[in-house]
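Input: a single structure, listed below in structure tokens.
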Amino acid sequence: RNDTRAVFISEPRFGSTDGKWTLYLSVRTNEADGSFGGFAAIGMDPAYFSRIYTELDLGKDAVVVLVGRDGIIRVRAAGANVTAGQNVADAQVFRLLPAANHGSFIARSVVDQVTRIFSYRALKDYPLVVVIGTSQALALSNHDSRMRIYLWAAGAVTGVILGLGLFALVQIRRKEKANEALRVSEEKFSTAFHASPDWVVLSKPE
């Protein structure tokens, strides 16, 4: 309804034909007068994120989660097991986010019931939160320093990937504006051509 210029990041959608999860990034497009003209969207495979997250060796029973502020998991990587779409709105991280965009806590996972030490960080330009959890039983004494490094790495990579998606959407919007300008120009020329009482001669210089 409102032209906020913000990127909308959808819930993961499970394809009924290809059997794969897809994450959609979309932006609003406007008509020449500023009214709603549609939207441009790009579908991304959540595996892009999970392949990067699985490179972080966090130990047995560790998880990396990219979750929206709506509580819907965009992608969850636990070892080789990658899932998406779960609703974890009741998780403790959402009780802590109003007070701080980053922090740590200990809780039992609402997905697999494993007690973990979690660290989280909300992304600055997107309504997403990166959460990393290590098994409490296997946590090392230098947990805080390791989590800080892993969290920054996962957040930075996520931002880069989403930035690429945003860049592609901007390019789509620019192309649409150029096409609209060309159409308006052609209409003006056509109107002037047919309305003119004079002869119009097009010549090519030799």
Quiz item: When you go through (1) more than 21 Å from residue 148 (Cα to Cα); (2) surrounded by fewer than 16 Cβ atoms within 10 Å (Cβ to Cβ) one by one for residue 100, which number turns out not to apply?
Solution: (1)
Quiz item: So which residues in the range 108-128 are in a loop (DSSP other than H, G, I, E, B) and out of contact with any Ser or Thr (no Cβ under 7 Å at 6 or more places or on another chain)?
Solution: 109, 110, 111, 112, 113, 124, 125, 126, 127
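Evaluate the following for residue 131: is it assigned to a loop (DSSP other than H, G, I, E, B), within 18 Å of residue 79 (Cβ to Cβ) and either modelled with pLDDT under 80 or open to solvent by less than 20 Å² (accessible area, probe 1.4 Å) (or both)?
no
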Self-check item: The lone exception for residue 47 - which of (1) of a type in the set (A, V, I, L, M); (2) open to solvent by less than 20 Å² (accessible area, probe 1.4 Å); (3) at pLDDT below 80 it fails
Solution: (2)
Quiz item: Are there any pairs, at least 6 apart or on different chains, whose C-beta atoms fall under 7 Å, with the first in the range 106-128 and under 19 Å from residue 68 (Cα atoms) and the second among the acidic types (Asp, Glu) and in a loop (DSSP other than H, G, I, E, B), and if so, which?
Solution: 110/90
Quiz item: Which of the residues spanning the range 3-37 are assigned to a strand (DSSP E or B) and open to solvent by 90 Å² or more (accessible area, probe 1.4 Å)?
Solution: 8, 13, 14, 24, 36
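The values are calculated or read from the model by the stated rules, or taken from the named source; none is laboratory data. Note that this is a predicted model, so its numbers are computed, not measured. Backbone-built Cβ (ideal geometry, glycine too); neighbour counts: all protein chains shown. SASA here: full protein model, heavy atoms, side chains in, ligands and nucleic acids out. Shrake-Rupley method; radii C 1.70, N 1.55, O 1.52, S 1.80 Å.
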